Each structure stands twice: as C-alpha cells, then as structure tokens.
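The values are calculated or read from the model by the stated rules, or taken from the named source; none is laboratory data. These figures come from a predicted structure and were not determined experimentally. In this analysis, Cβ positions are derived from the backbone assuming ideal geometry, glycine residues included, and neighbour counts consider all displayed protein chains. Only protein heavy atoms, including side chains, enter the accessible area calculation; ligands, DNA and RNA are left aside. Shrake-Rupley method; radii C 1.70, N 1.55, O 1.52, S 1.80 Å.
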Amino acid sequence: MLDRRTGKLLEKLNALCASTAFCLVDEEELIFAGEDGDSVRGMLGFLKDRGYLEIQYADGGEYCVRILPEGRLYSERERAEKRDEKRRNRSVALCAFVGALLGAVLGGGAVVLVALFA
C-alpha cells in the first residue's frame, strides 16, 4: 500500500506515460503542491524498489521511466476500491434509513394499539 503522495505521483506517471514503453518525464511535471525535487526523487526511488516502475536514467531533472504492470494495476485497483467503497456506503445508508423508517412505523403502530385497548 502506498501513501497518498506516492500514489498520486504514480497516477500522474500513469497519465503521462500512456504506453508500455519508456517515456521522458521532466521533474517539473511531477512536482505537485508541497513537494520539491528531492521528495519526488525519493518517491521515484521507492516506486522503483517496489517494482512499480523502471528508471532507465535520470539526468538533470529529466527521467526516462517505464511503468511496470504492477504500477498500472495499482492505479486500477485503487479506483475499483474507491468505487466499491462508495457503493457500500450507499447500501449502508439505505439500510439505516429503511430500518429507521420501519422502526418508526412499528413504534407508532404500537402506540396506537396501546391507546385503543388501554
């Protein structure tokens, strides 16, 4: 599991390198809010060590990278998990609403029956 920043970097690399071949990426394209060149280099090294991407060379802020299958699958799995989580949340909310509505109807009916026969 990747942290949020590294996952965001991998998603950006997946968007920039659409093919399975090596592509040239400038460091400035990879820098996002609150990051600098050193942290991007560190995250790239981490991704390389974990088998998400391959770096052919890094020269003066320019990288020649290739996203490996594990790197492509990670992004797809993340999107699928988010979609499933939204679906689960909707199901739980619907069940809670139906349960509360049913409880209110049954409780109101019990009150009416007690009032009629008391």
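For this structure, a couple of remarks:
Matching residues to (1) part of a helix (DSSP H, G or I); (2) without any contact (Cβ under 8 Å) to a residue 60 or more places away in the chain; (3) in contact with a Lys or Arg (Cβ under 8 Å, 6 or more places away or on another chain):
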site	(1), (2), (3)
Met1	no, yes, no
Lys12	yes, yes, no
Ser19	no, yes, no
Val40	yes, yes, no
Phe46	yes, yes, no
Gln56	no, yes, yes
Arg72	yes, yes, no
Arg77	yes, yes, no
Lys86	yes, yes, no
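- Set Glu78, Glu85: member being open to solvent by less than 100 Å² (accessible area, probe 1.4 Å) and either at pLDDT 90 or above or among the hydroxyl-bearing types (Ser, Thr, Tyr) (or both): Glu85
- The condition (being surrounded by 14 or more Cβ atoms within 10 Å (Cβ to Cβ), more than 18 Å from the chain's Cα centre (by Cα), among the hydrophobic types (A, V, I, L, M, F, W, C) and under 21 Å from Glu81 (Cα atoms)) is satisfied by just one residue among Leu2, Leu9, Leu13, Leu68: Leu68.
- Count of residues meeting criterion [exposed (fewer than 15 other Cβ atoms within 10 Å of the Cβ) and either within 15 Å of Arg50 (Cβ to Cβ) or of a type in the set (Phe, Trp, Tyr) (or both)] in segment 16-33: 1
- Given (1) at pLDDT below 90; (2) more than 22 Å from the chain's Cα centre (by Cα); (3) of a type outside the set (S, T, N, Q), index of the condition Val105 fails: (1)
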